[in-house]
């Protein structure tokens, strides 16, 4: 627990799992969950480098901004997904490639 | 003891993340995401980031996860008991992601990271507040504008057309 590489390895695995979710899931909400995992792994990296880089607090501020961006992104993405569901009656991301209705 | 707890927390985080991307049921994915967020919160505590850990619980667990569950409930018929979702191109996806993970792991393993000696701070909130109000004032204000934009945008998008 007192080594930077441990945290970086956890972050790598979390990022890979998130990426796997983004590229293999068909449901729009599940793709969003993958994006959240990726953002969490990025935050873990920021905080790990802040902790082992002499407790540099700029990392904490950046992590805070990432959380703000994730909240805004989740709200807008879910609004878009609900709109897609109302128009196409599905949120399967492969079936909504048309631009016209 | 702390070492043992650390690995338990890592296990919870990664196991739940694995469930998120592998589960057949969309609701189970959402619940696994809850435990993954809580595990990441535990890792933040190990990294001495107490304020960020609390923000993570409040925003991710209390906000984003609820939004995601709302999204699931609003885009499926409640009467259909198993809200299933499938994956495509699992083989190619696994190969690509394993390649990516190997590359990143190799990079982490081979880079000579410099670890500075440091002591656990008594408090982090004071330093974060000072940085937000002095060094990062412009990004802070831009973030508030972005949140306002996202709020108005999400409301406009999800409203029924007149």
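A few points about this structure:
- Euclidean distance between Cα centres, the range B:1-58 to the range B:87-162, Å: 16
- Cα gyration tensor, the range B:121-162 - rounded (a/c under 1.5), prolate or oblate: prolate
- Which of A:90, B:102 has the fewest Cβ neighbours within 10 Å, and the rest in rising order: B:102, A:90
- Sites residue B:110 and residue B:1 - FRET efficiency at Förster radius 41 Å, r taken between beta-carbons, to 0.05: 0.85
- Label zone (residue B:147, point 7 Å along Cα-to-C-beta; backbone nitrogen cut-off 18 Å) within the range B:118-133: B:125-126, B:128-133.
- Extended-chain gain in nm, criterion 0.36 nm per residue less alpha-carbon gap, residue B:100 and residue B:58: 12.0 nm
- Helix A:4-24 and the longest principal axis of the Cα set of chain A meet at an angle near 10°.
- On full extension, the segment bounded by residue A:2 and residue A:90 gains 27.0 nm, given 0.36 nm per residue less the C-alpha separation.
- Legend: ranking of residues A:32, B:132, B:116 from fewest to most surrounding C-beta atoms inside 10 Å; resulting order B:116, B:132, A:32.
- On Cα atoms only, tilt of A:28-52 relative to the major axis of chain A in degrees: 10
- Folded to 0 to 90 degrees: helix A:58-88 orientation relative to chain A principal axis, Cα: 10
FYI, it's all coordinate maths here, none of it is from the lab. Given the structure is predicted, the values throughout are model-derived calculations rather than measurements. A quick note on method: Cβ atoms are made from the backbone with ideal geometry, for glycine too, and the neighbour counts reach across all protein chains shown.
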